[in-house]
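Trainee: To start, I am sharing the structure in question, which I have written as structure tokens.
Derivation of every value follows stated rules applied to the coordinates shown; laboratory data play no part. As the structure is a computational prediction, the values presented were derived from the model and not from experiment. Note that we place each Cβ from the backbone using ideal geometry, even for glycine, and neighbour counts take in every protein chain shown.
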Amino acid sequence: MLSLGVKSPLYLGSPAAPSSALRDSLHICFAPYIAKARVIRVHCRKSHPQRIQSTQVTMAAAAESPRVVIVGAGVIGTSIAYYLSLRGVAATVIERASVACAASGKAGGFLAVDWCDGSPVGDLARLSYQLHRDLPSDLEDDIGYRVVCTIGGNIGKPGKQRRPEGSNYDPAWLDGPVSRLQVMGTEATTAQVHPGKLTQGFMKAAQRRGASLCIGTVTGLDISHNDQACVEGVMVDGERVAADVVVLAMGPWTSHAAKWLPVPQVFGQLGNSMILKSHQPLSAHALYLHGASGEVDIFCRPDGTAYVCGENDIINTPEDPLDVQPDPAAIKRLKRNAGLVSSALAEAEVEAEQACLRPTSYSGMPIIGALPGASGAFIATGHSCWGILNAPATGKAMAELILDGQATCVNLSPFDPARLLPLQHRKPKVRG
């Protein structure tokens, strides 16, 4: 993901952290082992329920392919580039640091087909889950995809009797004081993918079809004004890149675009994590465990590593994505709890200690669609803890919205940017 090289006058360069009430409303992203019925419910301003249609730019009748610039090379931006490439449009992806440098390279990659059911994100998640199954062959790349069994349980005190042996969903390496195991997902409903490999796979597949990657810092938008404001380009390190369409997909750094366009507030959920290399085999399981000692989520990967997370917080977003660092105390607790529930993980080698910011909106839902500030401006961000899951459907729907004027694969109206108050209520700067 990419940080714009400016400071928004509204929040002095860093999106403000939300209130304690909002922290509570986001608890589902921090503890998904709680009943599925607690998936985020969102209360938004009312809008017409029909499928959202872009009234700003419709490319279906264009004589030539539109010049599309995507700002941000995270999983959302690269997914959009990939699905545009399947439609014959070679987008330019602009990234400040590197592909998957932020949350898209440091997330867990857990996928669930039905955990968002009952919420406005349900259809988006179900479509994405189906698309994920086909991506290994479609991308012609190893992205670490496989189905998994997902279980939840309670962490007890060391030495406490854990549970009866012999369960067919009980991993042998989970030999610590864990009780009350319950199946949260089977191989038919849950899976995993390596987020960094997926993001790289999207970008490489798009590049094979003509897309390009530009490393640089976006410093402004070129917006003209005739009958209406219209995006005509992006300023990258002082140089203009011409564009008919600009998509803002910079995760929590998307709010930095408020200097030029009325974008909704997006902030960052800090997620601390570790990658442990076990010397013992680890089965294809995802675990959500909690207890008096804290929470720990463990995702075993095909390469023999375990992704360990569960320590989350809300912080102000730093200017540079590379400045996001893990909390040493949180990492210590993750290591302790992982070792408590599994001797294999207690003896495992620490390959990485890391942190990332998951982009989250004040509504708790993604922000996907056309921005009302200028024709040709779009946004795709705010996917929170389900960003990796929902990236394929977001990319496919955005490609339809940009090229056809309407997304037909999934209803985007719940995610319409016009539902949310922008950071600034002023007319964008115009040229000419």
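Trainee: Express in whole angstrom the spacing between the alpha-carbon centres of the range 72-139 and the range 326-376.
Mentor: One Cα centre to the other: 17 Å.
Trainee: List the residues whose amide H sits under 5 Å from the amide H of Ile70, counting only those 5 or more places along or on another chain, with H placed 1.01 Å from N in the peptide plane.
Mentor: Under 5 Å from the amide H of Ile70 lie the amide H atoms of Thr92, Val93, Ile94, Val247, each far enough along the sequence or on another chain.
Trainee: Let a ≥ b ≥ c be the square roots of the eigenvalues of the Cα gyration tensor of the range 244-400; is it rounded (a/c under 1.5), or, if not, prolate (a/b larger than b/c) or oblate?
Mentor: prolate
Trainee: A follow-up question, please. Quick one: which residues, 5+ away or cross-chain, put their amide H under 5 Å from the amide H of Val241? H built at 1.01 Å from N.
Mentor: Val234, Met235, Val236
Trainee: Further, regarding this structure: Got a sec to turn the phi values of the range 206-221 into Karplus ³J(HN,Hα) couplings, 6.51 cos²θ - 1.76 cosθ + 1.60 with θ = phi - 60°, whole Hz, x for Gly and Pro?
Mentor: Computed from phi, the couplings for the range 206-221 are 5, 5, 4, 9, x, 5, 10, 10, 10, 8, x, 9, 6, 10, x, 10 Hz.
Trainee: Run the dipole for the range 316-432 about the Cα centre, Lys and Arg Cβ at +1, Asp and Glu Cβ at -1, nothing else charged, and hand back the magnitude in debye, nearest 20. Mind dumping the intermediate values first?
Mentor: Details: 11 positive and 11 negative charges, 115 e Å.
Here the size comes out at about 560 debye.
Trainee: In nm, to one decimal, how far is the Asp303 label point from the Glu239 one, both placed 7 Å along Cα→Cβ?
Mentor: Taking the simple label geometry, Asp303 and Glu239 are separated by 3.3 nm.
Trainee: Run the quick spin-label model on Ala292 and Asp313: label points 7 Å from Cα toward the beta carbon, then report their separation in nm to one decimal.
Mentor: It is 2.5 nm.
Trainee: Calculate the dipole size of the range 262-393 relative to its Cα centre from +1 charges on Lys and Arg beta carbons and -1 charges on Asp and Glu beta carbons; express the result in debye to the nearest 20. Spell out each step's value before the answer.
Mentor: Details: 7 positive and 13 negative charges, 59 e Å.
So the magnitude is around 280 debye.
Trainee: Tabulate in residue order the Karplus-calculated ³J(HN,Hα) for the range 395-400, using 6.51 cos²θ - 1.76 cosθ + 1.60 with θ = phi - 60°, rounded to whole Hz; enter x for Gly and Pro.
Mentor: Taking θ as phi minus 60°, the curve returns x, 5, 5, 5, 4, 5 Hz for the range 395-400.
Trainee: Pop out the ³J(HN,Hα) list for the range 305-312 in order, Karplus 6.51 cos²θ - 1.76 cosθ + 1.60 with θ = phi - 60°, rounded to Hz; leave Gly and Pro as x.
Mentor: Those phi angles translate into 9, 10, 8, 10, 8, x, 9, 10 Hz.
Trainee: Turning to a different aspect of this structure: Could you compute the FRET efficiency for Ser137 and Ala90, with r as their C-beta to C-beta distance and R0 at 25 Å, rounded to 0.05?
Mentor: 0.65
Trainee: Charges at C-beta only: +1 for Lys and Arg, -1 for Asp and Glu. How large is the resulting dipole of the range 66-170 about its Cα centre, in Debye rounded to 20?
Mentor: Value, rounded to 20: 460 debye.
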